[in-house]
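Following: one structure in structure tokens, then a few remarks.
Where a number appears in this text, it was derived from the coordinates with a stated rule and is not lab data. Small disclaimer: the values here were computed from a predicted structure and weren't measured. So basically every Cβ, Gly included, is an ideal-geometry build from the backbone, and we count neighbours across all protein chains shown.
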Amino acid sequence: MSEPRRIYYTPRGRAQIPPPPALPLSEAIDGFTLACQARKLSPHTLADYGRTLRRFLAHVGDMPIGDITIAQVSAFLAAQPFSEKTVKNYHIGLAALWTWAIRQGHITRHIIRLIDKPRPQKTVIEPLSQVEVKRILDAAQAGRNAARNRSIILLLLDTGLRASELINITLADIDFARRLIKVLGKGNKERLLPFSKRTGQAIFGYMYPLDGLTRLYPMNRESLAHLTARLGQAAGIRGGVHPHRFRHTFAVTYLRNGGDPYTLQEILGHSTFEMVRHYLALAQIDLETAHNRASPVENWQL
């Protein structure tokens, strides 16, 4: 916490409040990081903030945070050779630091709010087909760690889990009797996700012979992404295969099969309905395409 502001008096009795001491950026980052840890933010969020702020410190140097200008922040964002989505995450991390610094009384102006966020390009959602999923499962069975790999694919496809959620599941989070998994999502929000009997059998078959497991899948996001990409390549899937593509596939298939969109929002852990709208639109397009293909009026040219 910052020290309380002291009030001094001149001989004429007028109060003077000295300006807050200049806080170096490195110390601001340390204080902000401690505050984030105290708030129990997820390891993924802490890592993202840390990566952003280390890059920013290297870019502008260890100057007082209150002396940093809009031009310097804009130049930093413009210099990043990454996607719009990544640069937007950098903007979010800097905004969080400035919000903390204002609340602590270290600065008086939130310059990050005066800088427009980059607008990420909307990517096309390409769910996997049933045939493609079966080919991926065949590829998983053919390699090493077949039981583990099959259970990962089925669990991603059956629940719509994020990659960060999947790799942080512990054995204590799994309730086989009720077929539920407790996951910790964005914003430290817990939710319970159901899984099917087949997925439960695959998970149990993978973990039963192993001793000393604490986390269900002792791997990180990079190794998980490498695994799904390798299986996708072995299966000959176009467009690449990554964990989030299984999430898309789950969501669209859930809606195609009559699932309720508001329940889907809860399952996916979305704080807003916006992403579900994209899935709804895609599911509706698929229904219209299927109808045109199967319509007796069209096919019989009546």
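Structure data summary
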| read-out | value |
| --- | --- |
| Rounded to whole Hz, the Karplus (6.51, -1.76, 1.60) HN-Hα couplings of region 190-196, x for glycine and proline | 8, 8, 9, 10, x, 9, 7 |
| Loop trypsin sites (Lys or Arg not before Pro), region 32-121, which have at most 13 other Cβ atoms in a 10 Å radius of their Cβ (DSSP) | ARG39, LYS40, ARG109 |
| Reach of LYS117 by Cα under 22 Å, taken over lysines that are not fewer than 8 positions away in the same chain | LYS85, LYS88, LYS186 |
| Förster radius 35 Å - calculated FRET efficiency between ASP30 and ARG256 (Cβ-Cβ, nearest 0.05) | 0.10 |
| Calculated Cα extents along the principal axes in Å (choose from (i) 135, 59, 47; (ii) 73, 51, 38; (iii) 96, 60, 33), label | (iii) |
| Rounded to the nearest 20 debye, dipole of the chain from Cβ charges on Lys, Arg, Asp, Glu | 360 debye |
| Given the chain, longest segment not containing exposed loop chymotrypsin sites (Phe, Trp or Tyr not before Pro) (DSSP; at most 14 other Cβ within 10 Å) | 177-272 |
| Percentage relative contact order, region 8-114, counting C-alpha pairs under 8 Å, at least six apart | 32 percent |
| Residue with peak Gaussian network fluctuation, the chain [Cα springs, cutoff 10 Å], from PRO43, PRO209, PRO261 | PRO209 |
| FRET efficiency, GLN201 to ARG119 (Cβ-Cβ, R0 35 Å, nearest 0.05) | 0.20 |
